[in-house]
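These notes are about the structure you will find just below.
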Amino acid sequence: MDETAFFKKRGKGSWLHEEIAKVAVQVVGLDTAGIVPEDGVAIADNAIIHRGNILELADFLHKIGRIPEVIVAGELIEHLDNPLAFLKSFKDISILNGSELLLSTPNATALHNCLVAVANCESTHPDHLCILSFKTISTLLSRAGYSSWTITPYYSDFIEMKERNSGASRSAAVIGEKIVNIFERIFPLLSFGFIIKTII
């Protein structure tokens, strides 16, 4: 489920673009979704989402005539056919030299996945083509030519379970989340996902 769509349907939360727009001078987004109009959609006074392909970023940057200080690719890399080519593509755009790149992605060794593996199951979105671990993220960044980076864990939030349940079921979800979060903090490699920060 698309988290932003989930929140919007219920009138809660906000798009990642909107959150960034609260602290940025200008936010320009790219989305391949057919629901984005040809001329884009404004989501704040200083934020617009264009229909476009991140793999054709050089052409897009030339078209808008701006050099971004920060590129944010939230929960994207796991949907791509070739994550290594994706990371290398930023290095191939000379005007991005020195820009900051922020990525977030689910963790292949997340605690919840390890737990459901006991039942011969795996929890992953059907649109995810690869799920990365701390080690594979580091390997991809190294092979793509990045010299340094930080990888920070982010923790489970059973938002969908809490939203669709009430009473004892909701309480169980809240308690389960707290227990999982304790283990995630003790063992960061079991966290729900990672945020990666690097310089292009």
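Bear in mind that the values in this text are calculations on the coordinates, not laboratory data. The structure displayed is predicted, hence computed values, not measured ones. Please note: Cβ atoms are built from the backbone with ideal geometry, for glycine as well, and neighbour counts cover all protein chains shown.
Here, the chain has an Rg and a Dmax of 18.2, 55 Å when only alpha carbons are counted.
Close amide H contacts of ASN107 (hydrogens built in the peptide plane, cut-off under 5 Å, sequence separation of 5 or more or a different chain): GLY193, PHE194. Normalised by the number of residues in the chain, the mean separation of alpha-carbon contacts (under 8 Å, six or more apart) gives a relative contact order of 20 percent. What residues of region 81-110 lie in the reach of a label at THR150, counting those whose backbone N is under 16 Å from a point 7 Å from the Cα along Cα→Cβ? Taking a point 7 Å out along Cα→Cβ of THR150, the residues of region 81-110 whose backbone N falls under 16 Å are 100-104.
Counted over the chain, the DSSP beta bridges are approximately 60% antiparallel. Cβ-to-Cβ counts within 10 Å put LEU55, LEU141 in ascending order as LEU55, LEU141, the fewest first.
Taking a span of 27 Å or more along the helix axis (Cα atoms) and a mean Kyte-Doolittle hydropathy of at least 0.0 as the rule, the DSSP H helices of the chain that qualify are 167-186. Under Stokes-Einstein, with the Kirkwood radius over Cα pairs as Rh, the value for region 59-144 at 25 °C and 0.890 mPa s is 167 µm²/s. Candidates ILE49, GLY34, LEU80 compared by Cα position along the dipole of region 21-81: farthest toward the positive end lies ILE49, with charges placed on Cβ. Over region 129-192, the hull volume per residue, using the convex hull of the C-alpha atoms, is 93 Å³.
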